Amino acid sequence: MHSIIANPELAAAGARKIEWARDHMPVLRGIQARFEKEKPFAGLVLAVSVHLEAKTAYLAQTLTAAGAAVVAMGSNPLSTQDDVCAALSASGVTVFAKHACTMEEYHEFLIKGLESRPHIMIDDGGDMVNILHEERPELAARLIGGCEETTTGVLRLRARERAGTLRFPMLLVNDADSKHLFDNRYGTGQSVWDGIVRTTNLSVAGSTVVVAGYGWCGKGVAMRAKGLGARVIVTEVDPVKAVEAVMDGFTVLPMAQAAPLGNFFITVTGCENVIGERHLPLLKDGAVLCNAGHFDVEVDVAAIRRCAASRFVARHNIEGFVMPGGKTVYLLAEGRLVNLAAADGHPVEIMDMSFALQALCCEWLAQKGSGLSPAAYPVPREADVLVSSLKLAAMGVATDTLTEKQALYLEGWG
């Protein structure tokens, strides 16, 4: 199979990005060193559909070093970096991805990748899983199983499992402690504000920030907004999470009450129409809307375009919409993932943990997946603990260990 990329001549620039990521990913680097010796994926095809930037590229190269034939596709048209794709293709990975491709092209790229008939796949948001269930089930003929990276993808998998339609085993990587506690909270928290600040060049300090959703991603976004000097309002539908937000010091309001107050709005819910047509007349002039959930449905972009009297490009990755009455609202990155479409995604050191976990889960599937029935499975606890242990070692941090007597005490009931 031959790669389909935008420009092979960008490979040198992409290689520098990948090398920078590699140098700051000691956990995955250590796993790669072992993989190069043991070749756990010899003879296997691995399909990877994750945001195609430097950290993902290094994961793909790690899997290749382990003996796999790797096919890589993006998981969002605007998060793909063409120079990274060029470098990854030059390194021996088959790549089907272009920045700012149409949704039709994006869909075709996923199908082309799946036509490799992978043995193991890494999905991000569930698009590959959806194709294998709804459109091309024959392409899953050799599939041992897969790993899901995101909260949104996990929700879709659990829905299939409840309906009894899931056709193959999937590991819920997002739900592992060494993933969501760090990637979703610290990764999203930093990268979202990286995307907003570099795109708008506006001050966060002194502003009012509305964070829709207080899961682990929302916690991170709210925490970093507070640290940057913003007043933070949280909107939620889950009473438990709402109480948590209040206890963490944030104001909790329904979106209809928060809409007139916010300068920045960030949606991180995994649901649709969180900011919808009913909220548009309530927004103040100059409000900035963006999304950090997986799909571009949390902010109702179609409603904004339909209701606006006119629209214009304000800056790169910022579209202004003049609403009836004269107020202007701004949408970042077309309502797609602001931290990837308008920045470089999560910090390298954070993705070191997430992608190390992905590599170990793929190895586990290669060893044990053939005996699994179709279902959504938790990540093996030993892999979860190993990633955090390797991260601590890379950071030069030591912990206590239980004595034999302490371990027996904790296992007893007396």
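Please treat every number below as a calculation from the coordinates, not as lab data. A quick note: this is a predicted structure, and the numbers were derived from the prediction, not measured. All Cβ positions, glycine included, derive from the backbone under ideal geometry; neighbour counts span all protein chains shown.
Please give the peptides 73-82, 254-263 ranked by average Cβ packing (other Cβ atoms within 10 Å per residue), highest first, as a rough proxy for protection.
Going from most to least packed, we get 73-82, 254-263.
Using the Cα centre of the chain as the reference point, and only Cβ charges (+1 on K/R, -1 on D/E), how large is the resulting charge dipole? Debye, rounded to the nearest 20.
Rounded to the nearest 20 debye, it is 380 debye.
Given points 7 Å out from each Cα along the Cα-Cβ axis, report the Arg306 to Arg231 separation in nanometres with one decimal.
Modelled inter-label distance: 3.3 nm.
In debye, nearest 20, what is the charge dipole magnitude of the stretch 255-414 about its Cα centre with +1 on Lys and Arg Cβ and -1 on Asp and Glu Cβ, if you could check?
Taking the Cα centre of the stretch 255-414 as origin, the dipole is about 640 debye.
In percent, what relative contact order does the stretch 235-364 have, based on Cα pairs under 8 Å that are 6 or more apart in sequence?
Relative CO of the stretch 235-364 lands at 19 percent.
If the cut-off is a Cα-Cα distance under 20 Å, which lysines reach Lys327, setting aside same-chain residues fewer than 8 apart in sequence?
Lys284
Percent of Cα-Cα pairs more than 26 Å apart in the stretch 200-353, please.
Tail of P(r) above 26 Å: 21 percent of Cα pairs.
If you take the charge dipole of the stretch 260-414 about its Cα centre, with +1 on Lys and Arg Cβ and -1 on Asp and Glu Cβ, which of Asn273, Leu410, Pro374 is farthest toward its positive end?
Asn273
Report the antiparallel proportion of the DSSP beta bridges in the chain as a percent, rounded to a multiple of 5.
20 percent
Could you tell me which of the pairs Lys37/Lys405; Lys98/Lys241; Lys55/Lys219; Lys241/Lys405; Lys112/Lys219; Lys39/Lys391 are separated by over 26 angstrom between their Cα atoms in the structure shown?
With Cα atoms farther than 26 Å apart: Lys37/Lys405; Lys98/Lys241; Lys241/Lys405; Lys112/Lys219.
Compute the distance from the alpha-carbon center of the stretch 98-119 to that of the stretch 356-414, in whole Å.
The stretch 98-119 and the stretch 356-414 have Cα centres separated by 33 Å.
With n ≥ 4 as the cut-off for DSSP H runs, can you work out [θ] at 222 nm for the chain, using -39500 (n - 2.57) per run divided by the number of residues, rounded to the nearest 500?
Roughly -12500 deg cm²/dmol at 222 nm, from the helical runs in the chain.
Where does each of 220-229, 236-245 land if you order them by average Cβ count within 10 Å, highest first?
220-229, 236-245
Please compute the contact order of the chain in relative form: average sequence separation of alpha-carbon pairs under 8 Å and at least six residues apart, divided by the residue count, as a percent.
This gives 17 percent for the chain.
Divide, for the chain, the radius of gyration over alpha carbons by 2.2 N^0.38 Å, where N is the residue count.
For the chain, the normalised Cα radius of gyration comes out at 1.00.
Sequence gap at least 6, Cα distance under 8 Å: using those rules, report the relative contact order of the stretch 128-244 to the nearest whole percent.
Rounded, it is 20 percent for the stretch 128-244.
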